[in-house]
Amino acid sequence: VALRNRGAFADLDQAYGALFEWAAGAGVVDAIIGLHGIPHGDHRDVPPEDHEFDCAILLSVPADPEAPLCRLSVEGGTHARVRHVGSYDQLEDVVDQLLADWLPGSGRALRDAPIRFEFLDDPEAVPEALLRADVLVPLLY
């Protein structure tokens, strides 16, 4: 289940909060098994008012949310996965390093699918320096 957020990257917690409120109201909060995000552009290069980011919760049960929430399916397949520890504001730096430093010598090629983030910690409960997230870059092979 996803909610597209338009606004500053630093304000994504409001959209995730709305997802959790919906999940609580729908009786599926205990079925949340993951927090994901799909950026539509680099928040460092886009004015906050133009930045779009799909905030998503992965559920272990089916759900049928109403607008503005939606069901979101993401492709599986091969991904480069890198664990980042630290501020979530630095996730785009990890993407840059993967694309500039690792990809050219890897023998791999990018697949036409969105890069996504899998958030492993709650920034309201974990100190910023200890936050963990996986960056997933889709690959052809």
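Here is a list: His43, His84. Which entry is surrounded by 14 or more Cβ atoms within 10 Å (Cβ to Cβ) and touching a strand residue (DSSP E or B) at 6+ places or on another chain (Cβ under 7 Å)?
One residue alone meets the criteria, His84.
The residue of the range 16-34 that is farthest from Leu69 (Cα to Cα), among those that are among the hydrophobic types (A, V, I, L, M, F, W, C) and either modelled with pLDDT under 95 or open to solvent by 40 Å² or more (accessible area, probe 1.4 Å) (or both), is Ile33.
Hey, could you check the range 27-79 for residues that are under 15 Å from the mean Cα position of the chain (by Cα) and of a type in the set (Val, Ile, Thr) and say which is nearest to Asp93 (Cα to Cα)? Once the filter is applied, the top-ranked residue is Ile38.
Is it the case, given these coordinates, that Arg116 is among the basic types (Lys, Arg) and surrounded by fewer than 16 Cβ atoms within 10 Å (Cβ to Cβ)? Lay out the reasoning, then the answer.
On the way: among the basic types (Lys, Arg): yes; surrounded by fewer than 16 Cβ atoms within 10 Å (Cβ to Cβ): no.
When the stated conditions are applied, Arg116 does not pass them.
A single member of Leu59, Leu69, Leu98 is out of contact with any Ser or Thr (no Cβ under 8 Å at 6 or more places or on another chain), touching a residue at least 60 places away in the same chain (Cβ under 8 Å) and open to solvent by less than 70 Å² (accessible area, probe 1.4 Å), and it is Leu69.
Across the range 72-81, what is the total count of residues that are surrounded by 15 or more Cβ atoms within 10 Å (Cβ to Cβ) and within 27 Å of Glu21 (Cβ to Cβ)?
So the answer is 2.
The values are calculated or read from the model by the stated rules, or taken from the named source; none is laboratory data. This is a predicted model, so every value here is computed, not measured. Note that each Cβ is placed from the backbone with ideal geometry, even for glycine, and that neighbours are counted across all protein chains shown. Note: areas computed on protein heavy atoms with side chains; ligands, DNA, RNA excluded. Shrake-Rupley method; radii C 1.70, N 1.55, O 1.52, S 1.80 Å.
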